[in-house]
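Everything on this sheet refers to the single structure shown next.
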Amino acid sequence: MLIPALVSGKKAGALPFPNPGAARGTYPSALHSIMSIERAEESRRWLSAWDGIARGATPLYDLPGIAQKLGIARFSVKDESVRSPLGSFKALGAPVALVRQILRLHPEFDPASILTGRYARQLRDYTVISATDGNHGRGLAAAARDAGCRCVIVLHANVGAEREQAIAVYGAQIVRIKGNYDESVEEAARLAAANRWQVVSDTSYEGYEDIPRDVMQGYGTIAAEIVEQTRAQQGAVGAFTHVFLQAGVGGMAAGLVSYLWEYQGEHRPHFVVVEPAQADCLLQSAIQGRAARASGSVDSVMAGLACGETSPLAWKFLEPTVDHFMTIEDDQAVEAMRILAKGSDQDIPVVAGESGVAGLAALRALRSNPALSAQVGLDAQSCVMIINTEGATAPQVYTNLVGESAESVQKRQAAWAARQP
């Protein structure tokens with residue numbers, strides 16, 4: 001299904017929507033002062049000692065069968081589903097933000113030792129809190145447990161029981177509300193103020209930017225690994241002409257575009273940001289020229305992307321960097337999950353959750369329409385990368401949507417890999 005275009009901030013014509021603020025050239029010093037490669041590498045070093053993440057880089061799979069079907073030169077998937085037992089890229093954000101926040105209180109602590117529990121006695125009365133759609137809260141709960149502090153997680157009505165249980169297993173206290181994600185953010189802020197707890201959120205708001213910046217900076221690890229895995233040269237054209245990035249409030253996308261823009265400069269790839277049609281806060285931000293709210297109900301099968309309000313801090317990075325914004329429907333995401341799970345003789349099967357496939361869903365929509373492809377500069381020579389941000393973080397939901405369990409897909413994945421020379 002093609003998405004309608006936009007007139008005066010309303011849905012009404014054809015997407016993708018070209019961002020009038022997109023620029024190229026040197027990474028601006030004003031942005032560099034907030035997020036930089038140097039700070040991303042620092043975060044990466046600090047997290048390397050934590051048992052909660054894999055020691056090596058996550059896979060960057062080339063899927064030539066899908067590339068051929070889409071009529072492009074290369075299609076690659078950076079698979080964050082195996083980043084950690086948490087099952088998503090969020091293992092890079094909340095944990096490093098927690099480390100940096102603890103260092104503000106205890107600058108004498110060794111950063112690499114905080115998540116090993118070395119300072120658990122000193123931190124036992126310290127409480128952190130956050131709202132979540134699932135993955136961020138799970139990452140924060142795991143990091144808090146290992147650091148030795150207390151954790152409270154606020155869940156909204158659309159977060160399923162599987163995701164709640166996955167957070168609770170790390171010892172976090174769960175608070176349920178009846179509203180949506182944005183209302184859970186407000187409740188977390190209220191509880192923090194009332195109890196003198198510390199909010200560790202991935203979305204910013206007035207007077208609260210340092211910790212969301214730290215969360216976003218943690219995601220720079222993904223970009224750093226991509227640079228290494230593709231042997232990219234600083235200031236030169238890289239392996240990919242296009243990078244599709246899904247977004248909720250915009251934090252992950254901001255973390256990656258900032259790193260790649262600083263590293264590649266004017267030769268950065270063409271960035272396309274994708275979100276659910278009913279949670280189009282970034283698209284609306286591009287239309288209105290400021291951090292804005294979504295125009296729809298927000299509720300989506302893509303739970304990690306079901307956010308109604310853009311993070312103003314993330315928008316500082318996305319406004320001058322993203323070339324096109326577009327939305328997808330839930331059924332397009334489900335079909336993309338099934339395609340990656342199926343694999344082929346050429347393509348390794350990949351376990352990708354509902355929010356992990358937004359990039360592929362958007363790419364398929366564009367390649368089904370020559371006019372839309374042309375708008376984004378996609379053709380037979382294009383090399384496209386997406387980020388699979390999560391695996392089966394809600395296993396039963398995954399099975400219901402794909403028609404096969406994640407364990408079954410993983411077995412086929414292992415069998416496929418064993419057949420390779």
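The values are calculated or read from the model by the stated rules, or taken from the named source; none is laboratory data. What you are looking at is a predicted structure, and each value in this text was computed from that prediction instead of being measured. Virtual Cβ from ideal backbone geometry, glycine too; neighbours counted across all protein chains shown. Protein only, heavy atoms only, side chains kept; ligands, DNA and RNA dropped before computing areas. Shrake-Rupley method; radii C 1.70, N 1.55, O 1.52, S 1.80 Å.
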Would you please list the contacts, defined by Cβ atoms under 6 Å and residues six or more apart or on different chains, that run from a residue in segment 373-389 that is under 25 Å from residue 20 (Cα atoms) to a residue that is basic (Lys, Arg)? 373/367; 383/74; 387/78
Odd one out for residue 297, checked against (1) touching a strand residue (DSSP E or B) at 6+ places or on another chain (Cβ under 9 Å); (2) among the hydroxyl-bearing types (Ser, Thr, Tyr); (3) not in a helix (DSSP H, G or I): (1)
Does segment 302-316 include one or more residues that are in contact with a Phe, Trp or Tyr (Cβ under 9 Å, 6 or more places away or on another chain), part of a helix (DSSP H, G or I) and of a type outside the set (A, V, I, L, M, F, W, C)? yes
List the number of the failed condition for residue 76; all other conditions in (1) closer than 24 Å to residue 133 by Cα; (2) open to solvent by less than 10 Å² (accessible area, probe 1.4 Å); (3) under 19 Å from the mean Cα position of the chain (by Cα); (4) touching a residue at least 40 places away in the same chain (Cβ under 8 Å) hold. (1)
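Condition check ((1) touching a Cys at 6+ places or on another chain (Cβ under 6 Å); (2) free of Cβ contacts under 8 Å to residues at least 24 places away in the same chain; (3) at positive phi) across all residues:
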| position | (1), (2), (3) |
| --- | --- |
| 147 | no, no, no |
| 152 | no, no, no |
| 161 | no, yes, no |
| 171 | no, no, yes |
| 177 | no, yes, no |
| 190 | no, yes, no |
| 198 | no, no, no |
Those residues of segment 288-322 which are over 28 Å from residue 398 (Cα atoms) and open to solvent by 20 Å² or more (accessible area, probe 1.4 Å) amount to 288, 289, 290, 291, 293, 312, 316, 319, 320
Index of the failed condition, residue 357 passing every other in (1) modelled with pLDDT of 95 or more; (2) more than 19 Å from the chain's Cα centre (by Cα): (2)
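Listed residues 265, 248, 220, 235; which is open to solvent by 20 Å² or more (accessible area, probe 1.4 Å) and not aromatic (Phe, Trp, Tyr)?
Values: 265 fails: open to solvent by 20 Å² or more (accessible area, probe 1.4 Å); 248 fails: open to solvent by 20 Å² or more (accessible area, probe 1.4 Å); 220 fails: open to solvent by 20 Å² or more (accessible area, probe 1.4 Å).
Of 265, 248, 220, 235, the one residue that is open to solvent by 20 Å² or more (accessible area, probe 1.4 Å) and not aromatic (Phe, Trp, Tyr) is 235.
A quick yes/no check of all residues on (1) over 19 Å from residue 244 (Cβ atoms); (2) touching a Gly at 6+ places or on another chain (Cβ under 8 Å); (3) among the basic types (Lys, Arg):
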site	(1), (2), (3)
332	no, no, no
335	no, no, no
351	no, yes, no
368	no, no, no
373	no, no, no
378	no, no, no
381	no, no, no
391	no, yes, no
395	yes, no, no
